[in-house]
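Read through the structure below, which is laid out as structure tokens, and then see the notes.
The values are calculated or read from the model by the stated rules, or taken from the named source; none is laboratory data. The structure displayed is predicted, hence computed values, not measured ones. For neighbour counting, all protein chains shown are included, and Cβ atoms are generated from backbone atoms with ideal geometry for every residue, glycine included. Only protein heavy atoms, including side chains, enter the accessible area calculation; ligands, DNA and RNA are left aside. Shrake-Rupley method; radii C 1.70, N 1.55, O 1.52, S 1.80 Å.
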Amino acid sequence: MEFEASLKAKNLKSTPQRIAILREIQKNGHIGVEDIYQNIKKHYPCISLATVYKNVATLNEAEILREIKAPTQKQKYELACDKHIHVSCDRCGKLQDVYADVNALSSECKQKTGFDLFDISAVFIGVCPE
């Protein structure tokens, strides 16, 4: 993903901190703000947790990131590249992407509710094989 172009397209400055946050999320797939902070402060020792929170919120609002809300877990974030659903392990907290036919699911939901749907946020909860 070309982060500088994504930021520019949303009229956001391409700062070293934002690029570091986006790279950290890309590297991990799904990650919480505190973990992002712990990982990037090695390279940016002067960065504060508040700065990371503020930038993650800005990137989420700009739809460059997507927030994942799984029950019993803190919010995690991922790059908002494609539409998919998630499965979450109730025991270990593992979170995994599932690329299913979300268009069929959206169509069925729209047909049953009449809602004009534009995004999806779904987390199935279970117990992973491990």
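Computed quantities for the displayed model
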read-out: Of (i) 9.4; (ii) 6.9; (iii) 10.4, the label for mean projected area of the Cα convex hull in nm² derived from the coordinates; value: (i)
read-out: Vicinal HN-Hα couplings computed from phi for region 34-48 (Karplus, 6.51 cos²θ - 1.76 cosθ + 1.60; Hz; Gly/Pro x); value: 4, 5, 4, 4, 4, 6, 8, 6, 5, 9, 10, x, 8, 6, 9
read-out: Residue-normalised accessible area of the chain, expressed per residue, 1.4 Å probe, Å²; value: 66 Å²
read-out: Dipole magnitude of the chain, debye to nearest 20 (Cβ charges: Lys/Arg +1, Asp/Glu -1, about Cα centre); value: 460 debye
read-out: Cα-based reach from Lys10 at 16 Å (exclusive), listing aspartates and glutamates while leaving out same-chain residues under 8 positions away; value: Glu2, Glu61, Glu63
read-out: Unsatisfied cross-links (Cα-Cα over 31 Å) in the set Lys8/Lys76; Lys27/Lys112; Lys13/Lys112; Lys54/Lys110; value: Lys27/Lys112; Lys13/Lys112; Lys54/Lys110
read-out: Restricting region 18-79 to trypsin sites (Lys or Arg not before Pro) in coil, as DSSP defines it, with at most 12 other Cβ within 10 Å; value: Lys42, Lys69, Lys74
read-out: Amide H within-cut-off set for Ile125, under 5 Å, with H built and near neighbours excluded; value: Ser88
read-out: Helix axis angle, 16-28 relative to the chain longest principal axis, alpha carbon, degrees; value: 40 degrees
read-out: Note, ³J(HN,Hα) from phi for region 53-69, Karplus 6.51, -1.76, 1.60, rounded to Hz, x at Gly and Pro; value: 4, 4, 5, 4, 4, 5, 5, 5, 4, 7, 6, 8, 10, 10, 8, 10, 10
read-out: Ranked by how many other beta carbons lie within 10 Å on average, peptides 103-110, 80-87 from highest; value: 80-87, 103-110
read-out: Pairwise FRET efficiency - Cys46 versus Val98, Cβ, R0 = 25 Å, nearest 0.05; value: 0.05
read-out: Centroid-to-centroid separation of region 84-130 and region 13-63 [C-alpha atoms, Å]; value: 25 Å
read-out: 3J(HN,Hα) from dihedral phi, region 124-130, Karplus parametrisation 6.51/-1.76/1.60, rounded to Hz, x for glycine, proline; value: 8, 10, x, 10, 6, x, 6
read-out: Around Ser48: net Lys/Arg minus Asp/Glu count, Cβ-Cβ under 14 Å; value: +1
